[in-house]
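Encoded as structure tokens, the structure appears first; notes follow it.
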Amino acid sequence: MSVQGKWRVVETPDHDMAGAGSYILFTDKGGEFALDCLTGAIHGRCEGDAVEFTWDGSDEMEPARGRGWAEKLLDGSLEGEICLENGDDIPFIARRAATSSTAC
């Protein structure tokens, strides 16, 4: 099983960024994430049980970019880190988001 899909960020150790809207999404063409006021577009293919990526976006409405990684663990959770260029490294733990078959 790959990391592709939407993951709900449930914990950001040493940071208070795992709110209700915090998520990370991996697709075969990249993805996106939102951690509190930090948002970004993920660049590169995200395949397999572990990925490394670059991203660009915004931090509190200021331009930001960096790199990151994520790895699927044996218990089915996702562990990773979002690293801001010249800034903080934000570790995270995520769980696969529930999907709905109901059309919106």
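Could you look through segment 34-66, keep only residues that are of a type in the set (A, V, I, L, M, F, W, C) and in a loop (DSSP other than H, G, I, E, B), and pick out the one that is surrounded by the most Cβ atoms within 10 Å (Cβ to Cβ)? Step by step, filter segment 34-66, then rank; the result is CYS46.
Considering only segment 1-10, state which residues are aliphatic (A, V, I, L, M), more than 10 Å from the chain's Cα centre (by Cα) and crowded, with 16+ Cβ neighbours inside 10 Å. Selection gives VAL3 alone. Taking first residues from segment 6-23 that are touching a residue at least 40 places away in the same chain (Cβ under 8 Å) and hydrophobic (A, V, I, L, M, F, W, C) and partners that are surrounded by fewer than 16 Cβ atoms within 10 Å (Cβ to Cβ) and not in a strand (DSSP E or B), the Cβ contacts under 7 Å between residues at least 6 apart in sequence or on separate chains come to TRP7/ALA97. Pairs are defined by a Cβ separation below 8 Å, a sequence spacing of at least 6 or placement on different chains, a first member in segment 45-59 that is basic (Lys, Arg), and a second member that is surrounded by 13 or more Cβ atoms within 10 Å (Cβ to Cβ) and in a strand (DSSP E or B); the pairs so defined are ARG45/GLY30. ASP56 passes every criterion in (1) under 21 Å from GLY5 (Cβ atoms); (2) at pLDDT 95 or above; (3) acidic (Asp, Glu) apart from (1). Selection of segment 11-32 for residues being assigned to a strand (DSSP E or B) and either over 8 Å from the mean Cα position of the chain (by Cα) or aromatic (Phe, Trp, Tyr) (or both) yields GLU11, TYR23, PHE26, THR27, GLY30, GLY31.
Looking only at residues of segment 67-85 that are without any contact (Cβ under 8 Å) to a residue 24 or more places away in the chain and within 10 Å of the chain's Cα centre (by Cα), we find that the one that is surrounded by the fewest Cβ atoms within 10 Å (Cβ to Cβ) is TRP69. Within segment 86-96, is even one residue without any contact (Cβ under 8 Å) to a residue 40 or more places away in the chain, of a type in the set (Lys, Arg) and closer than 12 Å to GLY5 by Cα? Among the residues of segment 86-96, not one is without any contact (Cβ under 8 Å) to a residue 40 or more places away in the chain, of a type in the set (Lys, Arg) and closer than 12 Å to GLY5 by Cα, which makes the answer no. Every condition in (1) in contact (Cβ under 8 Å) with a residue 24 or more places away in the chain; (2) surrounded by 13 or more Cβ atoms within 10 Å (Cβ to Cβ) is met by ASP28 except one, and the failing one is (2).
The values are calculated or read from the model by the stated rules, or taken from the named source; none is laboratory data. Source: prediction; values computed, not measured. Note that each Cβ is placed from the backbone with ideal geometry, even for glycine, and that neighbours are counted across all protein chains shown.
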